[in-house]
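Before any comments, here is the structure.
Derivation of every value follows stated rules applied to the coordinates shown; laboratory data play no part. Not measured: the values here are computed from a predicted model. Positions of Cβ are generated from backbone atoms using ideal geometry, with glycine treated the same way; all protein chains shown enter the neighbour counts.
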Amino acid sequence: MIKNRLDIFCRIVDNYGDIGIVWRLSKQLCHEYQFTVRIWVDDLIVAARIINKLNPTLADQIIEKIEIRQWSNTVNFANIEVADIVIEGFACELPEPYISKMALSPPLWLNLEYLSAESWVNDFHKQVSIHPIHGLKKVFFFPGFNENTGGLIREQDLSARRDSFKKNDALQEEFWRKFNVTVLDKAIKVSLFSYPHAPINSLLASMAQSSHAVHCFVPATSILPSIANFISKPTLTIGETVVQDQLQITVLPFLSQDDYDRLLWACDLNFVRGEDSWIRALWAANPFIWQTYLQDEKLHLKKLAAFLAVYNSNSLSNSASTLSQFHEAWIDNAITSDLWNALLEKLPTLKKMAIIETQKFEKQTDLASKLVVCIRNQV
């Protein structure tokens with residue numbers, strides 16, 4: 001008997017990243033590998049921003065052939081049938097009644113960890129821990145940037161869809177028309193998605209004094225108050241466009257995952273954050289600036305340095321140096337006009353570099369494929 005029932009538990013910690021990754025992975029496991037997937041998520045209101053057609057008032061529903069259940073203290077897990085494979089998303093800690101039932105007929109228990117390019121990931125990938133009470137084995141599955149790790153989330157048709165979009169002016173025009181956007185002619189197109197503590201004001205000020213016209217697209221997220229503050233307005237509305245010197249800013253709605261991918265494909269430079277948008281920017285094959293999630297003892301700086309070392313490994317030193325300097329300034333709240341103009345000057349070379357780096361990682365096995373191999377080898 002093929003064991004293909006899979007439970008994924010997700011506790012939403014940082015807005016959209018956790019559920020964004022879980023939803024992408026769930027769709028891939030369901031649609032590409034025919035697993036029967038059930039997601040347990042603790043915040044359906046936030047999840048509904050990511051999962052189209054999800055009704056946050058329903059505790060149990062099926063979207064795109066995937067069952068989505070509300071994970072709350074009122075769920076009687078003693079009456080829930082345990083799946084064949086259980087994925088604990090980002091060490092979210094499974095409910096004890098569910099673990100107790102797992103002990104009766106042990107499934108494959110995987111802990112999907114956060115992504116990092118740090119070298120220690122290679123050693124910890126697929127390591128096993130034993131539950132102190134029930135003796136259950138839990139396998140730690142670490143995404144990563146080399147074949148000794150769990151790989152990166154990438155759908156089988158992603159590269160083809162991206163290339164088709166980039167080569168087709170009509171598809172790009174259709175995308176902008178969907179949001180009633182008229183792209184500023186010959187401007188550098190920039191998407192901006194960051195944490196609110198980023199030096200947004202100094203970035204926009206540098207864009208406004210830019211050596212080249214800039215059209216900045218901002219999806220509606222928590223940084224809108226910072227954007228409004230920069231242009232001295234109390235609020236900004238979706239669809240609104242404002243101009244300051246060389247900078248034109250257009251506010252987009254909160255985008256679906258598919259539309260966000262298209263935005264990344266359509267722009268010349270992308271500012272991204274956390275984990276999900278970071279990897280989607282990598283697959284966009286366009287230059288990007290990544291803002292890490294803040295960690296105690298400035299561990300996020302090590303995470304950034306490790307990624308830049310991997311990403312810049314095959315690139316021209318001058319371009320790689322400019323990209324690294326801008327990343328460090330973005331983290332350190334120190335964007336200047338000189339630094340912004342230096343980045344723009346290197347943008348054509350950075351574009352070539354982005355294509356090379358994306359193709360390098362596309363040659364590696366993706367996360368879902370590696371996960372399936374792991375499952376088939378152990379179930």
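What spacing in nm lies between the two simple spin-label points modelled at Asn333 and Ser232, each 7 Å away from Cα in the Cβ direction?
With each label placed 7 Å out from Cα toward Cβ, I get 2.4 nm.
Using Cα positions and a limit of under 24 Å, work out the lysines in reach of Lys360, with same-chain residues fewer than 8 apart set aside.
Those lysines meeting the cut-off are Lys126, Lys166, Lys167, Lys302, Lys303, Lys346, Lys351, Lys352, Lys370.
Ranked by Cβ crowding within 10 angstrom, fewest neighbours first, how are Ser26, Ser100 ordered?
Ranked by crowding around the Cβ, least crowded first: Ser100, Ser26.
Convert each backbone phi in the stretch 266-278 into a coupling constant with the Karplus relation 6.51 cos²θ - 1.76 cosθ + 1.60 (shift: θ = phi - 60°), then list the ³J(HN,Hα) values in order as whole Hz, x for Gly and Pro.
Coupling constants for the stretch 266-278: 7, 9, 7, 8, 10, 9, 9, 9, x, 10, 4, 5, 4 Hz.
What 222 nm value per residue comes from the helices of the chain, counting each DSSP H run with n ≥ 4 as -39,500 (n - 2.57) and dividing by all residues, nearest 500 deg cm²/dmol?
Computed ellipticity for the chain at 222 nm equals -12500 deg cm²/dmol.
Local charge sum around Phe230 (other residues, Cβ-Cβ under 14 Å, Lys/Arg +1, Asp/Glu -1)?
-1
Using 1/(1 + (r/R0)^6) with R0 = 41 angstrom and r between the beta carbons of Asn180 and Gln359, what's the FRET efficiency to the nearest 0.05?
Plugging the Cβ-Cβ distance into 1/(1 + (r/R0)^6) gives 0.75.
Please state the relative contact order of the stretch 158-362 as a whole percent: Cα pairs under 8 Å, 6+ residues apart?
22
I'd like the distance between the alpha-carbon centres of the stretch 326-350 and the stretch 128-174, rounded to an integer number of Å.
Answer, in whole Å: 29.
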